[in-house]
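Remarks on the structure that follows.
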Amino acid sequence: MIHFEELVLPNGLKILVHEDPSTPLAAVNILYKVGARDEDSSRTGFAHLFEHFMFEGSVNIPDFDTELQIAGGDNNAFTSNDVTNYYDILPATNLETAFWLESDRMLSLDFNIDSLETQKKVVCEEFKEHYINQPYGDVWHKLSALAYKVHPYQWPTIGLELSHVENAKMEDVRDFFYKYYRPRNAVMVVAGGVKTKEVEKLALKWFGDIPSGELIPHDLPKEPEQTEERVLVLHEDVPLNAIYKAYKMCDRRHDDYQATDFIRDMLSTGDSSRLYHELVKDKKIFSSVAAYLSETIDDGIFIIEGKLNPDVSMDDADAAIINCITKLSDDVSEDELQKVKNKTEAFLTFSDTNILNRAMNLAYYDMLGNAADVNTEIDKYMAVTTTQIKRVAKNIFNKNRCSTVKYFKK
Amino acid sequence: MNRTQAPKIKTVDAIDLLAVEQIKLDNGIPVYIINSGEQEIVKIDFVFEAGKWYEPKNLLADFVNRMMREGVKGKSAKEIADIFEFYGSNLESSVSFTNAGFQIYSLSKHLPHILPLLMEIFTEASFPEDEFLTMLNNRKQKHTERLAKNDYIANRNFLSAMWGQEHPYGRVTEFQDFENVNTGQLKDFYSSYYNAGNCFILIAGKLDDAIIKSLNSVFGAKAWLGAKAPHDINYHPHPNAELRQHTEKKDSVQSSVMIGNATINKYHPDFDKLSVVNTVFGGYFGSRLMANIREEKGYTYGIFSSLSSYQHGGILEISAEVGKEVSEATINEVHNEIKAMRNELIDEEELDTVKNYLTGRLMRSVDGPMKYSDVYKGLILYGRDSDYINEYLHTIHTITAEEIRELSVKYLDFDRMYKVTVG
């Protein structure tokens, strides 16, 4: 149970405070409601490049990182398709430093052209490190483009190509900042060894005078129903043949989301899971398999990947996956459901021990609609039935809603 | 309000630590207990001195640790996994140079179902032949995958150059190694090293007497006592004289760069201070290497140096993935930063930043029972107790600019360092 209080400043900035006197640390998390899905298709990767730029000096403070380090703190940030999330963790006695730093970069940035040029290079190296110079590194580009034809989930957060990052202009950076990085488009969480009264005082002092801006709607095209099987065959310099299958699934707020997550667990969490036991251990089709969700807010994809053993044909491997996953539509025992419920109960309890996780979760659930849902998520999982699992599995594992990427090694 | 003015900082002079209680089970296994937390969860570490240092052949320590859960007397791999996973418990295993261990995360209420099964894994593992062959195949496949990555190759070349193939720290896996192991050897290693006399336990979470009693009733029997790992096994490093090593990968758009050398470990009185030197140099986001090579030059997404301590030596290493065309320039800049560390005194502002940063990092590392138990495990390995944490904090707070320069001269020697590139 994560208890919290909610404050809203006159400029519209919402602040959630979670007091935990057992820790001498404080976590400050600010989620901006903008991600790669809000980008223009000709300027992809921008939200992420912008995240880098947020550390390049704000209007009154040249060096964010150093100031936080002086206060004994550390920080990081990530950009997803849906959001950009920044966090700081520091001794609670120095909480005000985080307010000073975060408020200044919400107020305005330094917009230094040299910094932008350097960060473009850094992001291009990040792009190369993770997406080009890695076997299977291009899979997210290929799979997203195959699965999404209309919705901006068709490109990964790093961007479609290096040139989109290289061509970013300061003018775009400025517009992006004043559009999305305003109090009304953000949610802030302060957690740990803090007092709500103190947080309120600091919030008014540091964030109170920032112009409110607007909550920016996400008017995104809905991805049309996929009605045909999509397959992309690649011959690349990869070490092993591999297959990646992406099935369309529901959005994050849908009532079937928890059941879908359970299906993922049943298929690939732990040595007792279906894909691992049947296809790695028993039939020895793959040397490794995994299933995961894209975890997006809008309609997502359910991904299954496997690395093929030598002498196994791609067709047999594909058929074996399909055979294994479609069995979920008519055979799920109460025991298996209880297993994934127990696992989820343990997982959620353990992840609750970390104040930074709690802070990030509060911000994320607030963005989804209601921060208090963070405490009832577990109930949604516990209410899932075997009937629902079977229905959802049947719905998801339909070949006409599947996109497959097959890697053959050269 | 003046936004250019930083709020006043309070420095932390001492860190409040959770209490650690030590008891012994009936058979003498030491148990370290950290009783704290609100949630009904427990993490238990079982640490055996069964790491790579003791394996007569490459891969044995790792394979034994993995195979122990692949079958016990009367239970198949699937049945074992079913039990752990039905109760939502997560069993992790790991092998380092010295130790091999199991870490179980569980809701307290399910422990009675989990602990007896762990005991079976420790004492009655059966090493089924078919499971062994499956694991062998999957590990070979994994090895094939890794060999396609530049950073993996760079790390292999770096370690084997520094220590030589005969030394556990420098031994790298070859495909032939997979052909040279069999279940007979696994069983021998298992029976020599996995026993109550060669083990300690750490337990953290919200605990009560019943949990501690159950530890004794399940793991406290004298029947599984055995010998401690022998402490007379020694290896001598055979460093390669060639310090510059390059592997060409013509299709790569980046190069993996590794630079460094063997150095002191935590038993050496300079080590803690050297860890502060390393932080300044390349050990945190604001380090000299990051500021120059990422933030100023944009050559890389990240460059770090790290200082690792093992029981028989240490390693100082700098690593980065950099644009292929700037790999030589990166090595030059590392050299320049080393010269600056050796020749110039760090200014007060930078030194204070590092001191405060390290203080905060130390606080974070011991925050809560789960994290603290990981740190405490590291202390046990070097014969230390919780006092060490605040002694280390004192070292951080009192180190001087002169000492940092002296230690840089002593330990950061570019001419002695290996420079390995792949790309």
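The values are calculated or read from the model by the stated rules, or taken from the named source; none is laboratory data. In this text the structure is predicted, and so the values were computed from the model without any measurement. Every residue, glycine as well, gets a Cβ built from its backbone with ideal geometry; the counts of neighbours run over all protein chains shown.
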Those residues of segment A:342-355 which are in a helix (DSSP H, G or I) and either within 8 Å of chain B (Cβ to nearest Cβ) or buried (at least 21 other Cβ atoms within 10 Å of the Cβ) (or both), in sequence order = A:ASN342, A:LYS343, A:THR344, A:GLU345, A:ALA346, A:PHE347, A:THR349, A:PHE350, A:ILE355
Within segment B:179-211, track down each residue that is surrounded by fewer than 20 Cβ atoms within 10 Å (Cβ to Cβ) and in a helix (DSSP H, G or I).
-> B:GLU179, B:THR183, B:GLY184, B:GLN185, B:LYS187, B:ASP188, B:SER191, B:SER192, B:GLY197, B:ASP209, B:ALA210, B:ILE211
Is there a residue being within 30 Å of B:ASN150 (Cβ to Cβ) and over 18 Å from the mean Cα position of the chain (by Cα) anywhere in segment A:254-269?
-> yes
Residues of segment B:110-160 satisfying the condition of being more than 30 Å from B:GLU242 (Cα to Cα) and facing chain A (nearest Cβ under 10 Å) = B:HIS110, B:ASP130, B:GLU131, B:LEU133, B:THR134, B:MET135, B:ASN137, B:ASN138, B:ARG139, B:GLN141
Do the conditions hold for B:GLU350, that is, is it crowded, with 20+ Cβ neighbours inside 10 Å, out of contact with any His (no Cβ under 8 Å at 6 or more places or on another chain), farther than 30 Å from B:THR98 by Cβ and acidic (Asp, Glu)?
-> no
If we ask which residues in segment A:66-125 are at the interface with chain B (Cβ under 8 Å from one of its Cβ atoms), of a type in the set (A, V, I, L, M) and assigned to a strand (DSSP E or B), their number turns out to be 2
Failed item in (1) assigned by TED's automatic domain parsing to the domain that holds A:LEU362; (2) touching a Cys at 6+ places or on another chain (Cβ under 7 Å), with A:VAL165 passing the rest = (1)
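The rows are residues; the columns are (1) of a type in the set (Lys, Arg); (2) part of a helix (DSSP H, G or I); (3) out of contact with any Asp or Glu (no Cβ under 7 Å at 6 or more places or on another chain); (4) over 30 Å from B:GLY383 (Cα atoms).
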position	(1), (2), (3), (4)
B:TYR267	no, no, yes, no
B:GLY286	no, no, no, yes
B:MET290	no, yes, yes, yes
B:ARG294	yes, yes, yes, yes
B:SER305	no, no, no, no
B:ILE315	no, no, yes, no
B:GLU321	no, no, no, yes
B:GLU325	no, yes, yes, yes
B:THR330	no, yes, yes, yes
Could you look through segment A:126-150, keep only residues that are farther than 19 Å from A:TYR292 by Cβ and buried (at least 18 other Cβ atoms within 10 Å of the Cβ), and pick out the one that is farthest from the other protein chains (Cβ to nearest Cβ)?
-> A:PHE127
Inspect segment B:4-17 for any residue being touching a Pro at 6+ places or on another chain (Cβ under 8 Å), more than 10 Å from every other protein chain (Cβ to nearest Cβ) and farther than 19 Å from A:ASN94 by Cα and give the result as yes or no.
-> no
Verdict on A:ALA371 being under 30 Å from B:GLY205 (Cα atoms), among the small types (Gly, Ala, Ser), in contact (Cβ under 8 Å) with a residue 60 or more places away in the chain and out of contact with any helix residue (DSSP H, G or I) (no Cβ under 7 Å at 6 or more places or on another chain) | no
Output the residues belonging to segment B:302-322 that are at the interface with another protein chain (Cβ under 9 Å from one of its Cβ atoms) and surrounded by fewer than 21 Cβ atoms within 10 Å (Cβ to Cβ).
-> B:GLY302
Would you pick out the residues in segment B:356-390 that are without any contact (Cβ under 8 Å) to a residue 60 or more places away in the chain and away from every other protein chain (no Cβ under 14 Å)?
-> B:VAL375, B:GLY378, B:LEU379, B:GLY383, B:ARG384, B:ASP387, B:TYR388
Quick one: which of A:LEU90, A:LEU109 is at pLDDT 95 or above and either surrounded by fewer than 21 Cβ atoms within 10 Å (Cβ to Cβ) or under 21 Å from A:TYR178 (Cβ atoms) (or both)?
-> A:LEU109
If you check every pair at least six apart or on different chains, which have Cβ atoms under 7 Å apart with a residue in segment B:28-50 that is within 8 Å of chain A (Cβ to nearest Cβ) first and a residue that is aromatic (Phe, Trp, Tyr) second?
-> B:ILE41/A:PHE350
Hey, B:GLU337 hits all of (1) of a type in the set (Asp, Glu); (2) surrounded by 17 or more Cβ atoms within 10 Å (Cβ to Cβ); (3) part of a helix (DSSP H, G or I); (4) free of Cβ contacts under 8 Å to residues at least 24 places away in the same chain but one; which does it fall short on?
-> (4)
Examine segment A:244-260 for a residue that is buried (at least 20 other Cβ atoms within 10 Å of the Cβ), within 14 Å of another protein chain (Cβ to nearest Cβ), on the phi < 0 side of the Ramachandran plot and touching a Lys or Arg at 6+ places or on another chain (Cβ under 8 Å), and state whether such a residue exists.
-> no
